[in-house]
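I have placed the structure first, in the form of structure tokens, so that the comments after it can refer back to it.
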Amino acid sequence: MSLFAAELIGTMILIILGVGVVAGVTLKDSKAEGSDWIVVTIGWGLGVTMGIYAVGEISGAHLNPAVTIGFAVVGDFPWADVPKYIIAQVVGAILGAIIVFYGYIAHFYNTDDPTTKLGVFATIPAIKNPLANLITEIIGTFILVLGLLFIGTNEFTEGLNPIVVGVLILAIGLSLGGPTGYAINPARDLGPRIAHFILPIPNKGKSNWLYSWIPIVGPIFGAVLAALFYKQFYLNINSIGFWILLALTFGLFALAQLKLAKQKNVQNVPQEEI
């Protein structure tokens, strides 16, 4: 099997199980309807685990453009192969989402709310705030890529690594998934969002392309920051790029704090004073 096919198939498996669990929990009349957040996070964790088991020995099972870019920044992956991997991951994600749609097609017809249908495919923030949402995706992906690099430095019993990575995904979902639904993977959001756009989903509404840049830019930013952090402190390779990105990150933190505080203050002003 080629590297391209491996990444495509691995990502497709990830999306079938990940998007599938969201469909089961949120769509009308599913036997899993109304299950809580922990079910979703377990489903995504197991999806990653099975995707890695499927193709890990062939392509390394990145299954995520942010991971591919992060590994390239560290020097563990050739930049020449980055475009091929990313294209395979996005295509695999589209195919996986299409398969889920047809697996749950009757439930899509029984579900009236367009937002619920979009939420099966793409991430939707709990509180719409682009800057805060971007920061959440940066932090989540920073932990993901740094965690993968940590895992890579340890020796586990043969065949255990995919489970450990799945637990990492579960932990990120439980701890950091609440604000945005934790894309932490540009292909995971973009591929299914494209599928939502092209599929004949009944009464589906818009695909919310205005938000789509956040689960792309945030994870890539977080992945590069994690890779440079690892090089700076674990490989002792000095990088001015790390300090620039770190300063930019804290600048985003400060800007988000100022904007939210200002917004809160405006909301607290009595109407007669406005």
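The values are calculated or read from the model by the stated rules, or taken from the named source; none is laboratory data. What you see is a predicted model, and the numbers here were worked out from it, not measured in a lab. Here Cβ is always computed from backbone atoms with ideal geometry, including for glycine, and neighbour counts include all displayed protein chains.
If you take the residues of the range 129-150 that are β-branched (Val, Ile, Thr) and under 16 Å from GLY178 (Cα atoms), which of them is surrounded by the fewest Cβ atoms within 10 Å (Cβ to Cβ)?
In this case the residue turns out to be ILE143.
Would a scan of the range 24-47 turn up a residue that is closer than 19 Å to LEU95 by Cα and among the β-branched types (Val, Ile, Thr)?
no
Residues to consider are GLY34, GLY20, GLY24, GLY51; find the one that is touching a Ser or Thr at 6+ places or on another chain (Cβ under 7 Å), more than 24 Å from LEU228 (Cα to Cα) and surrounded by fewer than 24 Cβ atoms within 10 Å (Cβ to Cβ).
Answer to the check: GLY24.
Just to be sure I understand, how many residues within the range 108-135 are touching a residue at least 60 places away in the same chain (Cβ under 8 Å), part of a loop (DSSP other than H, G, I, E, B) and more than 30 Å from LEU246 (Cβ to Cβ)?
2
Does PHE242 satisfy the condition of being over 21 Å from the mean Cα position of the chain (by Cα), among the aromatic types (Phe, Trp, Tyr) and crowded, with 16+ Cβ neighbours inside 10 Å?
When the stated conditions are applied, PHE242 passes them.
Of all residues in the range 205-237 being exposed (fewer than 14 other Cβ atoms within 10 Å of the Cβ) and on the phi > 0 side of the Ramachandran plot, which is nearest to the chain's Cα centre (by Cα)?
By that ranking, first place goes to GLY205.
Is one or more of the residues making up the range 176-185 modelled with pLDDT of 95 or more and in a helix (DSSP H, G or I)?
Scanning the range 176-185, I find at least one residue that is modelled with pLDDT of 95 or more and in a helix (DSSP H, G or I), so the answer is yes.
From the list ALA66, ALA97, exactly one residue is more than 25 Å from LEU228 (Cβ to Cβ), of a type in the set (Gly, Ala, Ser), buried (at least 22 other Cβ atoms within 10 Å of the Cβ) and within 15 Å of the chain's Cα centre (by Cα). Which is it?
ALA97
Please name all residue pairs, on different chains or six or more residues apart, with Cβ atoms under 7 Å, provided the first residue is in the range 193-215 and is more than 15 Å from PRO114 (Cα to Cα) and at pLDDT 95 or above and the second residue is among the hydrophobic types (A, V, I, L, M, F, W, C) and not in a helix (DSSP H, G or I).
Partner pairs satisfying both residue conditions: PRO215/ALA183.
Only one residue in LYS117, LYS128 is among the basic types (Lys, Arg) and touching a His at 6+ places or on another chain (Cβ under 9 Å). Which one?
Criteria check complete, one pass: LYS117.
Can we say THR68 is among the hydroxyl-bearing types (Ser, Thr, Tyr) and within 14 Å of GLU7 (Cβ to Cβ)?
Against the criterion (among the hydroxyl-bearing types (Ser, Thr, Tyr) and within 14 Å of GLU7 (Cβ to Cβ)), THR68 qualifies.
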